[in-house]
Structures are given as structure tokens and as C-alpha cells.
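This report refers to the structure that appears directly beneath it.
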Amino acid sequence: MATIQLITSVPGPKSKELGARREAAIPRGLAHSTPIYVAKAEDAWLEDVDGNRYIDFAGGIGCVNVGHRRAPVVAAVRKQLDRYLHTCVQVTPYEDYVALAERMNRVTPGKFPKKTLFMNSGAEAVENAVKIARAHTGRAGIIAFEDAFHGRTLMTLALTSKTHPYKAGFAPFPGDIYRVPYAYCYRCSYSLKYPSCDLYCARHLEDTFKRVVASEDVAAVIAEPVLGEGGFVVPPPDYYRVLVDLCHKHGILFIADEVQSGFGRTGKLFASEHYGIEPDLMVTAKSLGGGLPLAAVTGRAEIMDAPGPGGLGGTFAGNPLSCAAALAVLDLLEKENLLARANQLGDRFQKRAREWQNRWPLIGDVRGLGGMQAIELVKSRDRREPAKEETKEVTEYCYQHGLITISAGSYGNVLRALVPLVMTDDQMDEGLAVLEAALTHVGEKKGVFAAQLT
Ligand SMILES: Cc1ncc(COP(=O)(O)O)c(C=O)c1O
């Protein structure tokens, strides 16, 4: 195992000073997972204002799949800087918006005619997907899942599941939102086991239409093909086929929220491809802009055209710098074969995590698709009691030793890896060594958790 260096000065004096200024100037509601202020970031690492270097397992929460400040992205933005910054696409449109929409229509699943609308953030794009679905179907209801995360605006909070810290105190939310259990096999809401469950959680939608909301009142079902904030939960391979067929049987649209799972994260351009589904509407954001704010709704042309002229838009939505960056991002994903790299990095993570799982009861579950990998920490294997405090301590140990990691999960007990897909094997191994040391440290501190499995 590599020697793990403690960065004794974390947070260093400059980060500490910025922390104090921040406390005075910025509301506490905007929390942050590390006390480090960044000075520079390239590829898969970043450096703080005190000169400390970190391997980045968070990637700005999955926004830099192609790496931090990749040269072709920076060059595309620089070129655009010399042309114009903002004209508003609703006043004087520009080619890159059109070219990017054409590209998104081509690369998203489904051979049918599509159209794409750009927005600034994932939440804004989800909001617009809901508007479009309602305009097309003339129905109001939206079905979302337990453990889902779709954003922090009021409509997307209504769709989001986790109460604290996201929803508590912010009610009332928009209505006509209905919630059903997700295919979270490790914590199955029905205490069933796959495959003998015969995908009861998906088929149960028929029951929801009888007991909760009539199918003819439902515009769309929205799901993250792989849960993001909810803990990187990967449903069984045949789950979405059953779910989407059920939606279509009742004239309900299926919206895939690929904000976190998109752009190569899972080893395919979109996680929906793993399941062989063609969503009616797909929402993307995060890594699309390669570090710049950009989000999209892509969908069947006739659905996307349901709202009338002027019904969709936003002053900065699809701004020229972000569109230029996104075109470079899509080129890079292709040229550098980053989907294959996602699988390699994911395999490396999972192999090591499975060794930990065999050694320590603290590791309840190891799961993921491609480069979207996670481990779920539990206080005991039998009861699966979430180990939230321990997870927090692991992430703290990591940043004190040169690794940026973030947690996830409705219980805050999942460690997730969203590594930039340009990470080298050496960087990955170094990061995993820190994570291993963190798990050992926390496990030993808590006594029983590090006990060898007998
Ligand atoms: C699946 C998913 N949908 C929507 C959002 C909201 O995106 P944004 O923070 O850009 O509004 C997120 C953000 O983490 C997400 O993971």
C-alpha cells in the first residue's frame, strides 16, 4: 500500500481566511463538503490556495467527465470569447446552439426525429421537461421515485425525495406529484429479492393507478436510470423495459433524468443505453458543458413541439460559451474513447472495493455501472443500519490526506466516485489507497467495524 501523507495544513491559512469571509458573506444553507478553497484544477487533480494537491474523486459532482480544463474545451471557449458573449438565443440566435441541438438529437437513444432545448441547470431542464410533458399530454400528474434527486427549485424539490436537508421547511410544493419505491434492491421496499421478485416494484405501478392516481391523469414518470444523490443505485437489467412498457401502455411519457449518469459516466454515453430504452424525454446537464453551466431536454420532436412559441426559454439558457464548450466535450468523449476508460476505471474501483467488502463488515454494498461506482457503509451487515457518521469521517480523512470524495444516499452513508474519466491508473490507485487508509482508520477507531469477517 502506498504511504499516505497527512496534509497537516488542511485547511491551510488561506483557506481558513476565506472560510471566515465566506461565513460572514454567504448563507449557511449553501453548505460545502470540504473547507478547501481551490486555486487551480487540471485533468483529475486540483490544488488549493495553500498549495496542497488533491486527487479528485468528485469532479465538481460529476461535471468534468472529460477532465478539468481540458485544452480543447478551453480553446473552444477562448475562440467564442473573441466573437461574442451573449446575444440571447431568443433575440439573435447563433449556430453553435443549433449545431449542439443537432448533435444531441443524434447521440441520444432512439432513431426517431428529436428536438433539443438548452437550459442553464439540471433543475431548470427538469422543470422544462415537466412543462413539455404536461403540454403534450394535457395531463398534470408526475410520478417520481423514493430516493430520487431532481434539483432544488420548488418543482424539482417536489420531485426530489430526501427530506433533510433538501425539502424540510420549504413547503408547500407544486402538486400532482406521486412517489413510488425505486428498484433499490439492497433496501427493497417490499423485502423481496431479485430475480424471484419478478420486478414487483416496476409492475406495482398498475396498483398505483388504481389506488393512488388514475393513469389517465399522469403525464410522465421521471426516473434517474441510475440514482445519483440517492446513492448510485443500479436497477436490475430488465427493470426499465418493464417500467417504460407500462408507461406507454397507459399513454404516459417516460422522462430519463441523466443529469448525473450521462456523458460517458456509466461506460455508455447515456445510462439508458444499458437498459435498451429510448426515453420520450431525456434531461442532461453537468458534464455536458465540460465545467460550464449548461443543461438540455432532448426528446421526440412531436412532444418537444407541444408548447407554443414563447412557451419555453430563458435569458441565458444555452449561452454561446457553454454551447461551444459542449461541442468540444462531445468530440473529446468520442476521440479519447472515454466510455471505455469509464469501464476500466470503474472495474479498478470495484475490484478494490470488493476486497474491502470481503474484509470489513462496514462495507454493506458495492455497486455501480462503468465509472459511476459507490460503496454503502453500514453499522452491521445484518441490520443494514446506515453508517452516516462513519461515512462523514471517511470523507474528512480523505481530504486531509489528498483525496476529494463526496458522499450520497438518503441516509448519507454512501461513498461515491465520480472521477474525471481522464484519471490515470496511478492516480486511481493513489486515490484508492487513501480511501482504504480512511476506511481502516475509521473502522479501527470504531472498533467493531474493522473486525475481520469470520
Ligand atoms: C439526477 C439529477 N437531476 C437533477 C439535478 C439538478 O441539477 P442542477 O444542480 O444543475 O440544478 C442533479 C444535481 O445533482 C442530479 O444529480
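Counting only helices (runs of 4 or more DSSP H) that sit completely within the stretch 280-388, those holding 3 or more residues that are within 21 Å of Leu435 (Cα to Cα) correspond to 338-359. For the stretch 146-159, the candidate set comprises residues that are within 11 Å of the ligand (Cβ to nearest atom) and either among the small types (Gly, Ala, Ser) or outside any loop (DSSP other than H, G, I, E, B) (or both); within that set, the residue that is surrounded by the fewest Cβ atoms within 10 Å (Cβ to Cβ) is Leu157. Tell me whether the stretch 114-124 contains one or more residues that are in contact with a Pro (Cβ under 7 Å, 6 or more places away or on another chain), outside any helix (DSSP H, G or I) and polar (S, T, N, Q). Looking for residues that are in contact with a Pro (Cβ under 7 Å, 6 or more places away or on another chain), outside any helix (DSSP H, G or I) and polar (S, T, N, Q), one finds at least one in the stretch 114-124, hence yes. Only a single criterion out of (1) in contact (Cβ under 8 Å) with a residue 40 or more places away in the chain; (2) part of a helix (DSSP H, G or I); (3) closer than 23 Å to Glu278 by Cβ; (4) under 18 Å from the mean Cα position of the chain (by Cα) is not satisfied by Pro165, namely (3). When the residues of the stretch 130-146 are filtered to those that are over 22 Å from Ala317 (Cβ atoms) and either modelled with pLDDT under 95 or of a type outside the set (S, T, N, Q) (or both), the one that is farthest from the chain's Cα centre (by Cα) is Gly138. Taken over the stretch 351-365, the criterion of being touching a strand residue (DSSP E or B) at 6+ places or on another chain (Cβ under 7 Å) and surrounded by fewer than 20 Cβ atoms within 10 Å (Cβ to Cβ) is satisfied by Arg354, Trp356, Gln357. Note on the stretch 256-301: among residues that are of a type in the set (Val, Ile, Thr) and away from the ligand (no atom under 11 Å from the Cβ), the one that is nearest to Asn319 (Cα to Cα) is Val297. Between Val77, Val89, Val73, the distinction of being surrounded by 13 or more Cβ atoms within 10 Å (Cβ to Cβ) and within 20 Å of Leu312 (Cβ to Cβ) belongs to Val89 only.
Among the residues of the stretch 406-421, those identified as crowded, with 24+ Cβ neighbours inside 10 Å and assigned to a strand (DSSP E or B) are Ala408, Val414, Leu415, Arg416, Ala417. Of the residues making up the stretch 60-72, those that are part of a loop (DSSP other than H, G, I, E, B) and within 16 Å of the ligand (Cβ to nearest atom) are Cys63, Val64, Asn65.
Any residue at all in the stretch 112-129 that's more than 15 Å from the ligand (Cβ to nearest atom), surrounded by fewer than 14 Cβ atoms within 10 Å (Cβ to Cβ) and under 21 Å from Gly262 (Cα atoms)? Yes, the conditions are met somewhere in the stretch 112-129. For Ile252, the test of being more than 16 Å from the ligand (Cβ to nearest atom) and crowded, with 24+ Cβ neighbours inside 10 Å is passed.
Please work out if Phe173 is away from the ligand (no atom under 16 Å from the Cβ), touching a residue at least 12 places away in the same chain (Cβ under 8 Å) and among the aromatic types (Phe, Trp, Tyr). Judged against the criteria, Phe173 is not a match.
Looking at the stretch 221-234, can you tell me whether even one residue there is within 24 Å of the chain's Cα centre (by Cα), more than 12 Å from the ligand (Cβ to nearest atom), closer than 22 Å to Asp176 by Cα and in a helix (DSSP H, G or I)? No - not one qualifying residue is present in the stretch 221-234. Out of Glu95, Glu127, one residue alone is at pLDDT 95 or above, within 21 Å of Pro320 (Cα to Cα) and charged (D, E, K, R). It is Glu95.
Within the stretch 329-338, is there a residue that is surrounded by fewer than 20 Cβ atoms within 10 Å (Cβ to Cβ), more than 19 Å from the chain's Cα centre (by Cα) and closer than 17 Å to Val419 by Cβ? Scanning the stretch 329-338, I find at least one residue that is surrounded by fewer than 20 Cβ atoms within 10 Å (Cβ to Cβ), more than 19 Å from the chain's Cα centre (by Cα) and closer than 17 Å to Val419 by Cβ, so the answer is yes. Might you check whether a residue that is touching an Asp or Glu at 6+ places or on another chain (Cβ under 7 Å) and either buried (at least 17 other Cβ atoms within 10 Å of the Cβ) or among the hydrophobic types (A, V, I, L, M, F, W, C) (or both) occurs anywhere in the stretch 163-177? No, the stretch 163-177 has no match at all. The criterion of being at pLDDT 95 or above, touching a strand residue (DSSP E or B) at 6+ places or on another chain (Cβ under 9 Å) and more than 16 Å from the ligand (Cβ to nearest atom) does not hold for Tyr200.
The values are calculated or read from the model by the stated rules, or taken from the named source; none is laboratory data. What you are looking at is a predicted structure, and each value in this text was computed from that prediction instead of being measured. Neighbour counts are summed over all protein chains in view; Cβ atoms, including those assigned to glycine, are modelled from backbone coordinates with ideal geometry.
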